[in-house]
Ligand code: SF4
């Protein structure tokens with residue numbers, strides 16, 4: 001495994017294979033709409049860093065994470081973060097947490113949390129999202145509508161895609177903390193380049209508390 005993490009929106013991203021599990025992807029909890037409009041497949045910005053990461057590299061990263069010795073995985077992640085001079089890991093810059101690997105990923109997240117690594121990202125795996133709250137509140141659950149958010153009766157971080165604009169609305173409970181996508185973050189009268197590190201420093205977007 002040469003390289004596991006790649007720059008993503010100002011921080012370090014972990015990319016898993018995109019698509020249905022039967023098509024060699026990790027998006028077990030996909031919706032038909034999201035597969036059709038998937039930003040990781042259809043909206044690759046010419047300047048975006050993830051353009052260079054093809055399926056094979058994503059598959060190699062995924063296999064390494066779920067199959068290798070746990071401490072080897074933790075060592076690799078923390079070493080690469082050091083090289084990138086970054087303390088924030090973005091889970092599922094594309095792809096997702098499959099049910100069968102939930103326990104494994106939770107172990108990794110727990111250890112990284114103990115090492116002081118900040119972890120953020122997006123998932124459609126509701127059970128994983130509920131569990132992960134123990135270690136990070138910066139991983140958003142992606143749902144199709146605000147009504148679905150209300151039905152969860154939870155106050156965590158949520159993302160609702162707008163398939164017309166290829167952006168997501170970010171909610172911290174009831175509070176709409178910004179809209180993000182196509183390399184742009186906006187919040188009220190703020191419009192700037194989407195950058196997770198900037199959001200972290202300013203406590204905006206996914207890092208709004
Ligand atoms: S809202 Fe900010 S932290 Fe969340 S994905 Fe967009 S740029 Fe990253």
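The values are calculated or read from the model by the stated rules, or taken from the named source; none is laboratory data. The model shown is predicted, which means the values in this text are computed figures rather than measured ones. Heads up, the Cβs are rebuilt from the backbone with ideal geometry, glycines too, and the neighbour counts pull from every protein chain shown.
Of all residues in region 2-13, those that are more than 11 Å from residue 121 (Cβ to Cβ) have Cβ atoms under 7 Å from Cβ atoms of residues that are outside any strand (DSSP E or B) and near the ligand (Cβ under 10 Å from one of its atoms), 6 or more apart or on another chain, in 10/195; 10/196; 10/197; 10/198.
Given the residues 109, 160, which is the only one that is touching a strand residue (DSSP E or B) at 6+ places or on another chain (Cβ under 7 Å), part of a strand (DSSP E or B) and at negative phi?
Working: 109 fails: part of a strand (DSSP E or B).
Answer to the selection: 160.
The single condition among (1) within 8 Å of the ligand (Cβ to nearest atom); (2) part of a strand (DSSP E or B); (3) within 15 Å of the chain's Cα centre (by Cα) that residue 185 does not meet is (3).
Please determine whether any residue of region 144-157 is touching a residue at least 12 places away in the same chain (Cβ under 8 Å), within 15 Å of residue 170 (Cβ to Cβ) and part of a strand (DSSP E or B). Scanning region 144-157, I find at least one residue that is touching a residue at least 12 places away in the same chain (Cβ under 8 Å), within 15 Å of residue 170 (Cβ to Cβ) and part of a strand (DSSP E or B), so the answer is yes.
Looking only at region 82-104, count how many residues are touching a strand residue (DSSP E or B) at 6+ places or on another chain (Cβ under 8 Å) and part of a helix (DSSP H, G or I).
0
Has region 128-137 got any residue that is part of a helix (DSSP H, G or I), touching a strand residue (DSSP E or B) at 6+ places or on another chain (Cβ under 6 Å) and at pLDDT 95 or above? Yes, that holds for at least one residue.
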